[in-house]
Each structure stands twice: as structure tokens, then as C-alpha cells.
Amino acid sequence: MAAPESGDGNNGAARMVTLISSDNTRFEVEAAAASLSQTLQLTILDGGGGGGDGIPLPNVDSATLSKVLEYCIKHAPAAANGGAPNATAVDRAELERFDNEFVNIDQSVLYSLIMAAHNLEIEGLQSLVAKKVADMIKGKSPMEIRRTLGFPDPTPEEQAEMNAHMLEYGWAYE
Amino acid sequence: MEDDEPARLFLPADVVAIILRHLPPRALAVSRSVCKSWRAVVDEGGKLRSDLLPLTLGGIFISLLYQPAPPLLFSPPTMGPGRIAGKLESFVKMEASWDILTILGSSNGLLFLEDQVVNPATRQWAPVPLCPVDRDVYSQGDVYFAFDPTLSPHYEVLFIQRLQDEGSEWPPSACAMWVLVWNWEVGGEDV
């Protein structure tokens, strides 16, 4: 039985945990970074994920998980400071620059990311990707939104319903 | 099949809700037409303010600038009497009996009456906070009134002063334009 080594995780080398993606790739990452996920935090607090056994994440593939962890590692220090009142403007600007660049990615990756952030309950990441998707939607017509997000073409019945709604909201399409 | 909602919509409702939270009202109204499940998300969240739902034309005010007659409301018979406050005089205290009320501007259902901003459909009115420039300047230039509740709860009054000195160069090197912004809902917060 592994001795619970949590408690005072502040001294010595940072505690590491292992996460296992759906395609069985193992990722070793600092517990502080993985704990940005509300879902993982509980397991990690219980001492899980260390040593030989990792935490399996059957819903997240390795490409997505590595992207998620990139975000977590970057944001972990600021999160540890609790919103970081002592963060300098430079730090904050750097995080912002990172965030902007981070979501400048292929749409399919965005989808995987928002689903992963949702499943893992990483609030900051979820909100970041949601904002990016919202920016892609803004100013578009319903049909353009469907195309942008890769929805299947509407059935004639759906099309009629969309038209009726657009008529009703004529002012919104000025 | 009656409710043949495509099951391939890849985002679960709670994720859609998080995305739509980042949209301004106008885009939110548009997103309501995207598909059935999005519509359900928008309606369920109660995120679309009811005052932004479909607008209808309730009537037209005719105001003759500087003519000795108060503004008149023309509304279709379907509106029924009394739905819209047609007698704007009742909102505004006239200093002298010969003062005539004029509508200086209107935008998306709000009327700008120099001292007052009025929504005749809801009978709400709010005093326009004191203008940092002398109110008499309104007669020395052009006043524009802007309000779009789908973008912001604030209304703006723009004042462009007419140039007095005809001998000066045109355009002058510096020309002040006043932009006054107030919150309609709070009723007069100077920003």
C-alpha cells in the first residue's frame, strides 16, 4: 500500500501523476497541473495516479490529451496562486498570448478539446474553447453556422422551420 | 418521422449552452434558428431577453420640429387604443404653456425628448442627465440618438456642433464632438 504522500506537497520534487489516454499512451505530469481538472483532482487528492498505476481516461485520445496537458501545465502556476493577485501584468499578458495562440487550431481539434475539457471539468479551458467557437458563430446566418460547425445539411422539414424562424427574427439579420 | 432530429449533432446540450453563453443577444437570437436542439438550449436557459424577441411596428410618431403642435401617434387599428402612450406631453413638464414638445431623436423604440428618454410602449421614462455642455447648444448643432438593446443597454446621444466662424479654415484642426452615454435600464448613469 503506497503511503499517502499528499498533505505537504510543497516541499521536495513536485509530485507526479500518470494519465493514460484512450489509445494507451502514458503521460506523466505534475499533480498540480492535472489538478486543474476537477474530475482528476479528487482522484489525485486520494493519492491516485502515482507510481506504476496511472489514471485511465477512456474518453480522451493521446493527441487531445497532450494538448489538454499543454494548457494545464501553462496555467497551473497561476491557478496555484488562486487567481494570482501577485501576478505581474507581464505574466498575465503572456498567458493571454498563450491562450490566443492555443485555440488557433484546426476545428476538429477544437471539438475534441471542448469535449475533453467538459469531461475532465477544466473550467478555464472549456471557457476558452467555447469563446473561440462563439467567435466563429458570431455574425453568421443559421445556415452558415451549420456549415461552419459541420452539421449535416438540414432536411426539407428542418429547412422550412429554419426559414420560419428567420422570418420571425428578421431584425436579427439586418 | 415527426421528430427526426439528426443524432449526429456532436455537441451535448450543456456544451452548447456554454458556447452560447459567450454570444451577444443578437447572435443568440440567430443561433436559435440553427436547429431544434439549439433552440431548446436557448429557450431553456431563458437567456434571450423577452424584450429582444420579435419586434412589431406598433405605430409611428410624427413630430414637426418647431411647429406649434405636439407629436402625434399613428398606429394601426390592430394595436387597439391605449397600448402605446401616444400623449407624450404627459411625460414632460413644460416650463411655459407655449413650449412645444419635440422629438429630437428615436431609436429602436426609445424616443429622445431633450430632457427625457421615453419608451411609449412600456410607459417607462427616464430623465436625461444634465448635459455637460449647455443644453442650449442642442440648437447650435445636430443631435443624434442611438439605442440598440441587442448590443448594449446604453443609449448614446451624439452632438455635432455647427461651426460658427465662417471665415475659418475647413475642416478646422480640432472640432469637439460630444458623445454622451447613459444606461437606459438603470435610468441615467453617466459613463
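Computed from the coordinates by the stated procedures, all read-outs in this text should not be read as laboratory data. Not measured: the values here are computed from a predicted model. Neighbour counts run over all protein chains shown; Cβ positions are idealised from the backbone, glycine included.
Points to keep in mind about this one:
- Protection proxy ranking of A:123-130, B:121-128, B:71-78, by the mean of other Cβ atoms within 10 Å over each peptide's residues and highest first, is A:123-130, B:121-128, B:71-78.
- From phi via Karplus (6.51, -1.76, 1.60), per-residue ³J(HN,Hα) for segment A:158-164 in Hz, x at Gly/Pro: 5, 4, 4, 5, 4, 4, 4
- Label-to-label distance, B:Tyr144 versus B:Asn108, with points set 7 angstrom from Cα along the beta-carbon direction: 1.6 nm.
- Too-long pairs where the Cα-Cα distance tops 24 Å, listed order kept, from A:Lys140/B:Lys36; A:Lys74/A:Lys140; A:Lys74/A:Lys131; A:Lys131/B:Lys36: A:Lys74/A:Lys140
- Remark on A:Ile55: its backbone amide H falls under 5 Å from those of A:Thr18, A:Leu19, A:Ile20, a criterion applied only to residues 5 or more positions apart or on other chains, H modelled at 1.01 Å from N.
- Euclidean distance between Cα centres, segment A:90-108 to segment A:13-74, Å: 21 Å
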